[in-house]
1. Output needed: percent of Cα pairs per 5 Å distance bin for the stretch 86-166, bins running from 0 to the one holding the longest distance.
2. Extending each Cα 7 Å along its Cβ direction at Glu24 and Thr52, get the distance between those two points in nm, one decimal.
3. Quick check: residue separation of Ile178 and Val141 times 0.36 nm, minus the Cα distance between them. What number comes out in nm?
4. Which one of Ile240, Val260, Thr107 is farthest out on the positive end of the charge dipole of the chain, using unit charges on Cβ (Lys, Arg +1; Asp, Glu -1) and the Cα centre as origin?
5. State the three equivalent ellipsoid semi-axes of the stretch 1-97, derived from the C-alpha gyration tensor as the square roots of 5 times its eigenvalues, in descending order and whole Å.
6. Roughly how many nanometres apart are two label points built 7 Å out from the Cα toward the Cβ at Val59 and Asp74?
7. With only alpha-carbon atoms counted, please give the Rg and Dmax of the chain, in Å.
8. What are the membrane-span-like helices in the chain by this rule: whole DSSP H runs, Cα extent along the axis at least 15 Å, mean Kyte-Doolittle hydropathy at least 1.6?
Amino acid sequence: MDFLGTVLFPFEWLVSWIMFLFHEGFSFLGMDPASGWTWTLSIIGLVVVIRTALIPVFVKQIKAQRGMQALQPDLRKLQQKYKGKTDQLSRQAMTQEQMALYKKHGTNPFAACLPILIQMPFFFSLFRVLNGVSRASEEGVSIGALQVESVRQFDAATIFGAPLSSTFLGSFGANGNISVIILSLLMIVAMTASQFVTQKQIMAKNMSEEAMQSPFMRQQKIMLYILPLVFGIGGINFPIGVLVYWTTTNVWTMAQQFYVIRKMPTPGSPAAKALAERRAKKGLPMVPLLGERKTEPAIEAVSEPRGQRVQPQRKKRKKR
């Protein structure tokens, strides 16, 4: 077993075990164990389990993103302070002040990437499981928590005539399958479109005016078009089962972001203004938003009223 296989083995076992449990559950409910739809629903069940477990991490991601937006003015001041200073001591001092700002705002630039980073081992493990199903079926061996019978069932399972273990690139030539080609293209389009729509909605409705003018926003605009392109090109190598997983998780993300934009928008964003208007129409007060910086009310110094000074009176002397 190679190094990557050793690292991913626990994840492969967990992924295949969750799929197996869902498969057994759907089979118990009367679905055909050998049906591709039973296995497809098992993959969707895997997505639900992973994304539900990631909800606390997702909330932390929102707080981190909004914390990063809140400290942008301070970061710009810091950059101006050390502009043109390239010596080692200045760079070190700038780094220390940046870390102090992150600590003050309770955020860091890596926290926003946590959900996708945590998902990656599961994604690669699922890819390795589904990509190795055909070979495991031929050799008559188990893969992860899937025993030989389950492996052979999955290898033979199809939806719309397309085997779940087949890929777009592997469906050309003498043994090509047009169903795999068509279904792969449709799912790649759905996968990339859902990802693009999600990011577009965030940028159009859930970013403050200050964030829209930051250098970070320019990078986001570039990534808006690059990421769907990367996943679209990579999708031609993914088995149908992996495309089912990634499309489902993208749809989950899209629905999750729609809820956040409507119910927990970024302070100062168009979505926050729309929420305030909706609550005002209903006669409801505006509630504090997630990640909103609390402003302390200014305390005016109240001076105690001073009484009028009592002038000393001269004592009356008796006349002699």
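1. 3, 13, 14, 11, 10, 7, 6, 6, 6, 6, 8, 7, 3
2. 1.8 nm
3. Full extension from Ile178 to Val141 adds 10.4 nm.
4. Of the listed residues, the answer is Thr107.
5. Working: eigenvalues 498, 72, 16 Å².
Ellipsoid semi-axes (Å, largest first): 50, 19, 9.
6. Distance between label points: 2.4 nm.
7. 30.0, 142
8. Values: long enough: 3-28 (38 Å, 1.27); 36-53 (26 Å, 1.42); 55-70 (22 Å, 0.06); 88-105 (26 Å, -1.16); 114-131 (26 Å, 1.44); 178-205 (40 Å, 1.37); 215-234 (28 Å, 0.89); 240-263 (34 Å, 0.40); 270-281 (17 Å, -0.76).
Within the chain not a single helix satisfies the rule.
The values are calculated or read from the model by the stated rules, or taken from the named source; none is laboratory data. All figures in this text were calculated on a predicted structure; none of them were measured in a lab. Note: ideal-geometry Cβ built from the backbone for every residue, glycine included; neighbour counts use all protein chains shown. Remember, those area values only see protein heavy atoms, side chains included, never the ligands or the DNA or RNA. Shrake-Rupley method; radii C 1.70, N 1.55, O 1.52, S 1.80 Å.
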